[in-house]
Amino acid sequence: MTVTANANLTEGEFTKLSDLVYRHCGINLHDGKMELVRARLAKQMRIGRFETATDYIDHVLSDPSGEEFKKLIDALSTNLTSFFREKNHFDYLERELLPRLLADKKRRGNRRLRAWSAGCSTGEEPYSLAMILLEATGGGGGGQSAWDVKLLATDISTRVLAHARRGSYDKKRVEGVPSQLRNKYLAANKLDGRVFYDASPALKGLISFRHLNLMQTWPFAGPFDFIFCRNVMIYFDKPTQQKLVGRFYDFLAPGGVLFTGHSESLTGITHGFKYVLPTIYVKP
């Protein structure tokens, strides 16, 4: 039996699948996503040799381990990212937020710094953040930093998290990393004639990669000094965005900053944040 890449997906099957995904992780698969879902479902159906989408969905739901559902979410998730994406965020972090934050903490005798990359994808964002954090706190020179710095990086996709933990990227992927940081924090290696760059132990030591569904219980307490959640909320409807923004607010320390994606805003959402710059919000 062969399942074509153009596997049929009825409106009823699409509705059932979209409701299932929405209840699980808040992703809103509206009607405009039907062709994308059909194409990505076709691949999973070929792998498992399922004749209909219903057969495949029933298989996913009957797996008590939940692993098949994780594979489904992996297949439906879009993971577009790059090093130092949306440079204005990293400029603000480096030039405005961290100098103010570190000076204030130093005055209070508090050497603890916590950050969160929510929706970290294949790791380019948290590794970019780690470089900035190490540069700011003096932890990138090989010596012992006076700061206690930790960066949490989470994603719902186990597939992209595995890539992120490896921390290995081809030459083209690291073109956006400034040369002085690339030379300091990424080691070039050759594999089968291709050049790859591996994240240094200093970067990896700063980051804790964890699987997390943002719609479920968050198994950590915070508070965080800043949170990057960029190009994640575009997949959620307004009620889900409202809930998520409120939870981020609660998990930030006073003066903590939320960074959202360039196509996201908090317009139409009730929140306690103060606007700083487009897609940058501070908790008073």
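For the stretch 98-112, the Karplus equation 6.51 cos²θ - 1.76 cosθ + 1.60, evaluated at θ = phi - 60°, returns couplings of 5, x, 5, 5, 5, 5, 5, 5, 4, 4, 8, x, 10, 9, 9 Hz by residue, with Gly and Pro reported as x.
If you take every DSSP beta bridge fully contained in the chain, what fraction is antiparallel? Give it as a percent rounded to 5. For the chain, the DSSP antiparallel bridge percentage is about 45. Placing unit charges on the Cβ atoms only, positive for Lys and Arg and negative for Asp and Glu, gives the stretch 138-284 a dipole magnitude near 320 debye about its Cα centre. Compared with the alpha-carbon gap, the fully stretched path from Thr10 to Glu51 is longer by 13.4 nm at 0.36 nm per residue. If only the Cβ of Lys and Arg carry +1 and only the Cβ of Asp and Glu carry -1, the dipole of the stretch 13-81 around its Cα centre is close to 220 debye. With respect to the cross-link table entries Lys70/Lys105; Lys106/Lys243; Lys16/Lys238, which display a Cα-Cα separation exceeding 30 Å? Pairs exceeding 30 Å: Lys70/Lys105; Lys106/Lys243.
The calculated FRET efficiency for Asp237 paired with Lys171, based on their beta-carbon distance and R0 = 51 Å, is about 0.85.
For the stretch 200-221, the residues whose backbone nitrogen is under 19 Å from a point 7 Å from the Cα of Arg112, taken along Cα to Cβ, are 206-208, 218-221.
Dividing the convex hull volume of the alpha-carbon atoms in the stretch 138-284 by its residue count gives 147 Å³ per residue. Simple rule: put +1 on each Lys or Arg Cβ and -1 on each Asp or Glu Cβ in the chain, find the dipole, and look at Ala146, Leu129, Tyr169; the Cα lying farthest toward the positive end is Ala146.
When Met34, Met131 are arranged by Cβ crowding within 10 Å, least crowded first, meaning fewest neighbours, the order is Met34, Met131. For q = 0.26 Å⁻¹, what log10 I(q)/I(0) does the stretch 100-181 give under the Debye formula with an equal point scatterer on each alpha carbon and no solvent? Here log10 of I(q) over I(0) equals -1.26.
To test your reading of the geometry: what angle, between 0 and 90 degrees and rounded to tens, separates the Cα axis of helix 11-25 from the longest principal axis of the chain? Helix 11-25 sits at roughly 30 degrees to that axis. With 26 Å as the cut-off, how large is the P(r) tail for the chain, expressed as percent of Cα-Cα pairs? The answer is 49 percent, as a whole percent. In the stretch 206-268, the ratio of gyration radius to Kirkwood radius, Rg to Rh, stands at 0.94 when only Cα atoms are counted. Note on the chain: with a GNM built from Cα contacts shorter than 10 Å, the maximum mean-square fluctuation among Thr217, Thr158, Thr52 falls on Thr217. Mind running the shape call on the stretch 11-76? Use the C-alpha gyration tensor, a ≥ b ≥ c as the square roots of the eigenvalues: rounded below 1.5 for a/c, prolate if a/b tops b/c, oblate otherwise. Oblate, because a/c is 1.5 or more while a/b does not exceed b/c.
For Gly255, the residues whose amide H sits under 5 Å from its own are Lys283, ignoring neighbours fewer than 5 places away on the same chain, with H placed 1.01 Å from N. Relative to the Cα centre, the charge distribution of the chain, modelled as +1 at Lys and Arg Cβ and -1 at Asp and Glu Cβ, gives a dipole magnitude of about 1120 debye. Across the stretch 93-126, the residues whose backbone nitrogen lies under 14 Å from the label position 7 Å along the beta-carbon direction of Asp148 are 106, 109-115. The C-alpha atoms of the chain define a longest principal axis, and helix 67-76 lies at about 80 degrees to it.
Give the distance, in whole Å, between the Cα centre of the stretch 185-255 and the Cα centre of the stretch 81-118. If we compute the Cα centre of each part, the gap is 14 Å.
Note on Asp58 and Thr267: the extension gain reaches 71.4 nm, defined as 0.36 nm multiplied by sequence separation minus the Cα-Cα distance. To the nearest ten degrees, helix 238-251 and the longest principal axis of the Cα atoms of the chain are 30 degrees apart.
The numbers here are math on the coordinates, done by the rules we state, and not lab data. The shown structure was predicted, so the numbers you read here are calculated from the model rather than taken from an experiment. Backbone-built Cβ (ideal geometry, glycine too); neighbour counts: all protein chains shown.
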